[in-house]
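Undergrad: The following block contains the structure, expressed as structure tokens.
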Amino acid sequence: MKKLSLLLCCCFITFLSFGQAGKTTLAIIPEPVTTVIKPGQFILPKTVVIQAAASTDMEKAATYLKNKLTTSTGAFVTIKNTFAAPATIKLLLYPKQDATLGKEGYHLWVTAKGIIIKANEPAGLFYGVQTLVQLFPKEIESPQVVSHVKWTAPCVDITDYPRFAWRGLMLDVSRHFFTKEEVKQYIDQMVRYKFNLLHMHLTDDEGWRIEIKSLPRLTTVGAYNVKKVGEFGNFSQPKADEPRTYGGFYTQDDIRELVQYGKDRFLNIMPEVDVPGHSLAAVVAYPELSCTPGAENYKVRSGEHMMNFGKNGITALVDNTLNPSSEKTYAFLDKVMTEVAQLFPFGYIHLGGDECAKNFWAQSDSVKALMQKEGLKNMEEVQAYFEKRLEKIVESKGKKFMGWDEIIEGGLGPNAAVMSWRGIQGGITASKLGHEVVMSPTTFAYLDYMQSDRVMEPHVYESLRLSKAYQFEPVPDSAVAKLILGGQANLWTEQVFNFRQVEYMTWPRGFAIAESVWSPKEKKNWDNFYPRVEKQFPRFNEAEIKYAPSMYDPDFDASMTVDSVMKVTLTNEIPNLDIYYSFDNSYPDRFYPKYTEPLLVPEDATQLRVITYRGKEPIGRMVTMPIAELKRRLQKRE
Ligand code: ACM
């Protein structure tokens with residue numbers, strides 16, 4: 001009886017502590033496999049001991065946590081390798097593997113007495129640390145010590161492991177160059193959400209970004225263009241006297257430093273050398289790589305119009321391809337691959353293969369002779385001949401060959417891995433042919449696309465809203481699931497001129513991708529996801545990382561009534577927001593008319609302005625939609 005009353009008493013206290021604090025909700029991204037919230041909380045002491053066995057990889061997780069805690073909380077944190085001393089936070093490896101966790105999974109126990117993270121491998125500890133950080137108040141993300149914060153974490157038991165081994169983001173550092181320090185910042189942001197692969201798009205028509213010592217002109221000439229600002233793709237032709245000083249490249253020491261920086265955070269870097277198309281920077285450096293006479297007059301492109309994407313294929317206005325019929329091309333690629341393979345320990349090298357315009361190949365006698373000699377029936381087979389030779393070169397350096405899904409078209413090489421970007425079909429096809437696949441379809445995973453209405457975003461040809469990105473499913477029903485290595489999102493940077501915009505384009509859609517490649521499929525739920533996204537925003541404010549608030553911008557849909565009056569329907573991406581509007585050119589607030597049904601546009605109105613609120617708080621940006629723009633859209637649809 002005594003025991004029973006003690007138990008009842010404990011339950012009551014537990015109930016009270018929950019009742020007082022309100023329901024504890026966590027906002028971890030990506031959502032862990034299982035989370036059990038326990039009563040009580042851990043309070044971070046002023047002096048913290050992190051216990052981690054003496055091994056370099058264990059130290060990485062411990063050092064990361066130490067830096068995070070020290071920077072923002074000001075706690076005095078030490079790492080101890082001895083098991084005798086009492087510790088606040090223990091990072092432990094299972095002596096016998098826990099089969100459910102795999103290489104990157106972890107268990108995290110937060111109790112009032114202390115914290116334990118256990119994993120099979122140090123990578124799991126690192127991810128456990130990332131989850132733990134998200135349990136602390138937002139100020140933990142501050143780059144300076146924040147006083148007056150109670151540094152608590154709710155008591156939890158979490159078991160977590162990734163759905164896929166390949167969890168990537170691609171950063172295009174060719175269209176616009178991002179410095180080594182900026183790439184490190186990107187890595188820092190990625191690993192918080194358990195991404196483990198940075199794909200660097202290192203070469204393109206606008207710049208060659210990696211030092212190749214045996215081919216110095218690639219960077220002395222190929223890394224620089226004329227700086228232009230505005231709408232990439234429509235830039236004016238650079239004049240002969242404009243300085244070609246914009247751009248830059250990573251030295252081999254820079255690359256080694258970045259690779260190590262990633263490794264210290266359990267992240268690999270995959271290099272991409274995009275050939276045979278998108279190769280103008282290489283051709284400018286070494287014109288003998290082109291099959292087109294006059295290539296020595298070409299210049300590295302800044303973003304002036306150069307390619308046409310038509311129904312009948314892609315044509316280029318200047319020949320930005322490598323000559324598939326010249327041995328010089330393969331000798332060049334052998335040199336490049338020798339150095340690239342030595343610099344990047346990751347098992348795969350990405351060789352592009354996308355959007356290769358073939359109109360100059362079709363005019364080349366040398367390419368025609370190659371077709372005759374090799375019995376190649378069309379230009380796709382010419383590209384396939386090129387890809388297969390390149391695959392052998394890559395494999396001769398001990399690496400696996402990966403390319404965009406165009407490499408399927410003329411017939412895949414024996415071991416080629418495919419990155420499916422033009423939707424998921426390429427990935428399905430390749431997996432059925434027995435090839436490894438990474439899914440990164442434009443439909444869900446293209447971070448260069450606009451995030452809300454085009455009147456609000458730098459112009460790109462398509463939009464990809466957060467809710468759509470969240471629908472990313474890397475394993476379509478008809479694919480051979482075991483060959484899908486995982487998924488990634490791609491940030492092309494034609495319209496991304498600075499690193500703040502890199503951040504803006506990546507987050508929050510990067511959260512959607514992170515959850516799609518880490519969390520169990522059945523755990524994904526938009527209604528549960530967007531509130532967690534919203535809880536990340538104040539953390540990003542603390543961390544001084546930019547993100548897009550585009551999920552608060554409504555969608556506009558115009559139609560005509562039978563009486564020929566324009567009608568505008570507004571739809572919010574997330575529920576329970578109010579939209580206030582004006583047609584009189586003034587700035588609406590919550591004292592303006594509230595949107596409750598489709599709006600009839602007054603005959604003489606020139607613009608519709610809207611803003612979203614949550615209760616009394618403005619939450620969205622002021623969106624100004626010209627009526628003429630809605631008319632244009634209607635006409636386009638007709
Ligand atoms: C691509 O987006 N051109 C791979």
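The values are calculated or read from the model by the stated rules, or taken from the named source; none is laboratory data. As the structure is a prediction and not an experimental result, all values here were calculated from the model. Cβ atoms come from the backbone with ideal geometry, glycine included; neighbour counts cover every protein chain shown. These accessible areas exclude ligands, DNA and RNA; they are computed on the full protein's heavy atoms, side chains included. Shrake-Rupley method; radii C 1.70, N 1.55, O 1.52, S 1.80 Å.
Undergrad: Send over a whole-number figure in Å² for the accessible area per residue of the chain, probe 1.4 Å. Don't jump to the answer; show the numbers that get you there.
TA: Details: 27110 Å² over 638 residues.
Spelled out: the 1.4 Å probe surface of the chain, per residue, equals 42 Å².
Undergrad: Another one. Which percent of the accessible heavy-atom area of segment 450-536 goes to carbon and sulfur, probe 1.4 angstrom?
TA: Working: 1530 of 3000 Å².
Here carbon and sulfur together make up 51 percent of the probe-accessible area.
Undergrad: Report the convex hull volume per residue for segment 433-499, counting only C-alpha atoms, in Å³. Can you show the working numbers first?
TA: Working: hull volume 7.5 nm³, N = 67.
Dividing the Cα hull volume of segment 433-499 by its residues yields 111 Å³.
Undergrad: Relative contact order for segment 125-262 using alpha-carbon pairs under 8 Å, separation at least 6, rounded to a whole percent?
TA: Values: 142 pairs, mean separation 29.3, N = 138.
Normalised by residue count, the contact order of segment 125-262 is 21 percent.
Undergrad: Please say if segment 349-457 is rounded, prolate or oblate, where rounded means a/c under 1.5 for a ≥ b ≥ c the square roots of the C-alpha gyration tensor eigenvalues, and otherwise the choice is prolate for a/b larger than b/c and oblate otherwise? Could you put the intermediate results ahead of the total?
TA: On the way: a/c = 2.34, a/b = 1.48, b/c = 1.58.
Cα axes put segment 349-457 in the oblate bin.
Undergrad: Helix 526-543 against the longest principal axis of the chain: what's the angle in degrees, Cα atoms only, rounded to the nearest 10?
TA: 90
Undergrad: While we're looking at this one, here's another question. Let's test the formula: R0 of 41 Å, r as the Cβ-Cβ distance of Ser463 and Glu296. What FRET efficiency results, to the nearest 0.05? Please report the intermediate quantities before stating the final value.
TA: On the way: r = 41 Å, r/R0 = 1.00.
My answer for the efficiency is 0.50.
Undergrad: Right, next: If you line up the long axis of helix 56-73 against the longest principal axis of the chain, both from Cα atoms, how many degrees apart are they, to the nearest 10?
TA: Tilt relative to the chain: about 70 degrees.
Undergrad: Rounded to whole Hz and in sequence order, give me ³J(HN,Hα) for segment 550-557 from the Karplus expression 6.51 cos²θ - 1.76 cosθ + 1.60, θ = phi - 60°, writing x for Gly and Pro.
TA: Per residue, the Karplus-derived 3J(HN,Hα) values read 4, 5, 8, 7, x, 8, 10, 10 Hz.
Undergrad: In the chain, what % of DSSP beta bridges are antiparallel (nearest 5)? Before the final figure, lay out the partial values.
TA: Details: 44 of 91 bridges.
So the antiparallel bridges in the chain amount to around 50 percent.
Undergrad: Turning to a different aspect of this structure: Taking the Cβ of Thr47 as the center, what net charge do the other residues with Cβ under 14 Å away carry, scoring Lys and Arg +1 and Asp and Glu -1?
TA: Details: positive: Lys46, Lys66, Lys80; negative: none.
Value of the local net charge: +3.
Undergrad: Output the relative contact order of the chain, whole-number percent, from Cα pairs under 8 angstrom with separation of 6+ residues. Spell out each step's value before the answer.
TA: Working: 1352 pairs, mean separation 70.9, N = 638.
Taking the mean separation of contacting Cα pairs over the length of the chain, I get 11 percent.
Undergrad: How far, in nm, would the chain grow between Lys213 and Ala605 when pulled straight, counting 0.36 nm per residue and subtracting the alpha carbon separation? If you can, show how the numbers build up before the last one.
TA: Working: separation 392, 0.36 × 392 = 141.12 nm, distance 6.21 nm.
My answer for the length gained is 134.9 nm.
Undergrad: Still on this structure, I have one more. What list of ³J(HN,Hα) couplings, whole Hz, do you get for segment 628-638 from phi and the Karplus terms 6.51, -1.76, 1.60, once you set θ to phi - 60° and write x for glycine and proline?
TA: Result, ordered by residue: 4, 5, 5, 4, 4, 5, 5, 5, 4, 6, 5 Hz.
Undergrad: So how much slack lies between Ser396 and Lys311, counting 0.36 nm per residue of separation and subtracting their Cα-Cα distance, in nm? Show your work: numbers first, answer last.
TA: Details: separation 85, 0.36 × 85 = 30.60 nm, distance 3.77 nm.
26.8 nm is the gain from fully extending Ser396 to Lys311.
Undergrad: So what is the 222 nm mean residue ellipticity for the chain from helices alone, if each DSSP H run of at least 4 adds -39500 (n - 2.57) and you divide by all residues, rounding to the nearest 500 deg cm²/dmol? Spell out each step's value before the answer.
TA: On the way: 18 runs with 200 residues, N = 638.
Roughly -9500 deg cm²/dmol at 222 nm, from the helical runs in the chain.
Undergrad: For a 21 Å ceiling on Cα separation, which of these pairs sit above it: Lys180/Lys299; Lys138/Lys524; Lys66/Lys118; Lys60/Lys482; Lys68/Lys118?
TA: Values: Lys180/Lys299 25 Å; Lys138/Lys524 24 Å; Lys66/Lys118 17 Å; Lys60/Lys482 31 Å; Lys68/Lys118 19 Å.
Among Lys180/Lys299; Lys138/Lys524; Lys66/Lys118; Lys60/Lys482; Lys68/Lys118, the Cα-Cα distance tops 21 Å for Lys180/Lys299; Lys138/Lys524; Lys60/Lys482.
Undergrad: Give me the number: length gained by fully extending Asn498 to Ala481, i.e. 0.36 nm times residue separation minus the C-alpha to C-alpha distance, one decimal in nm.
TA: Residue separation times 0.36 nm, minus the Cα-Cα distance, leaves 2.4 nm.
Undergrad: Compute the separation of the alpha-carbon centres of segment 239-308 and segment 30-105 and state it in Å as a whole number.
TA: Each part's Cα centre sits 41 Å from the other's.
Undergrad: From Cα pairs below 8 angstrom and at least 6 apart in sequence, can you work out the relative contact order of segment 102-166, rounded to a whole percent?
TA: Value for segment 102-166: 41 percent.
Undergrad: Leaving out ligands, DNA and RNA, and with a 1.4 Å probe, what % of the accessible surface on segment 73-214 is carbon or sulfur? Before the final figure, lay out each step's value.
TA: Details: 2760 of 4820 Å².
Carbon and sulfur together cover 57 percent of it.
Undergrad: Relative to the longest principal axis of the C-alpha atoms of the chain, give the angle of the C-alpha long axis of helix 327-343, reported between 0 and 90° and rounded to the nearest 10°.
TA: Tilt of helix 327-343: around 20 degrees.
Undergrad: What base-10 log of the normalised intensity I(q)/I(0) is obtained for segment 103-226 from the Debye formula, alpha carbons as equal point scatterers, at q = 0.09, 0.13, 0.22 Å⁻¹?
TA: -0.42, -0.71, -1.22
Undergrad: Based on the alpha-carbon gyration tensor of segment 184-247 and its eigenvalue square roots a ≥ b ≥ c, which shape applies: rounded if a/c is under 1.5, prolate if not and a/b is larger than b/c, or oblate?
TA: Judged from the Cα gyration tensor, segment 184-247 comes out oblate (a/c at least 1.5, b/c at or above a/b).
Undergrad: I've got another one for you. Let me make sure I get this right: for segment 115-178, a, b and c are the square roots of the gyration tensor eigenvalues over alpha carbons, sorted descending. Under 1.5 in a/c it's rounded, otherwise prolate if a/b > b/c, else oblate. Which is it? List each step's numbers first, then the result.
TA: Values: a/c = 3.10, a/b = 1.24, b/c = 2.51.
Oblate, because a/c is 1.5 or more while a/b does not exceed b/c.
Undergrad: Given a Förster radius of 60 Å and the C-beta distance between Phe83 and Glu327 as r, what FRET efficiency does 1/(1 + (r/R0)^6) yield to the nearest 0.05? Don't skip to the end; give the middle numbers.
TA: Values: r = 61 Å, r/R0 = 1.02.
Step by step, r from the Cβ atoms, then E = 0.45.
Undergrad: Need one number: nm distance between label points at Met622 and Glu522, each 7 Å from Cα along Cα→Cβ, rounded to one decimal.
TA: 4.9
Undergrad: A further question on this structure: Of Lys227/Lys546; Lys213/Lys392; Lys399/Lys468; Lys399/Lys432, which pairs sit farther than 32 Å apart, going by alpha carbon to alpha carbon?
TA: In this structure, Lys399/Lys468 exceed 32 Å between Cα atoms.
Undergrad: Can I ask one more? In whole Hz, with x marking every Gly and Pro, tabulate ³J(HN,Hα) for segment 475-488 from phi via Karplus 6.51 cos²θ - 1.76 cosθ + 1.60, θ = phi - 60°.
TA: With coefficients 6.51, -1.76 and 1.60, one gets 10, x, 3, 8, 7, 7, 4, 5, 9, 8, 6, x, x, 7 Hz.
Undergrad: Which FRET efficiency value, to the nearest 0.05, is calculated for Ser236 and Gln144 with the Förster distance at 41 angstrom and r the Cβ-Cβ distance? Before the final figure, lay out the partial values.
TA: Details: r = 44 Å, r/R0 = 1.07.
Using R0 = 41 Å, I get an efficiency of 0.40.
Undergrad: Quick check on segment 78-167: of the DSSP beta bridges with both residues there, what percent are antiparallel, nearest 5%? Each step should come with its number before you reach the end.
TA: Values: 9 of 14 bridges.
In segment 78-167, DSSP labels about 65 percent of beta bridges as antiparallel.
Undergrad: Using all C-alpha to C-alpha distances in the chain, build P(r) with 10 Å bins and read off the rounded percent in each one.
TA: Pair shares across the bins are 3, 14, 23, 23, 18, 12, 5, 1, 0, 0.
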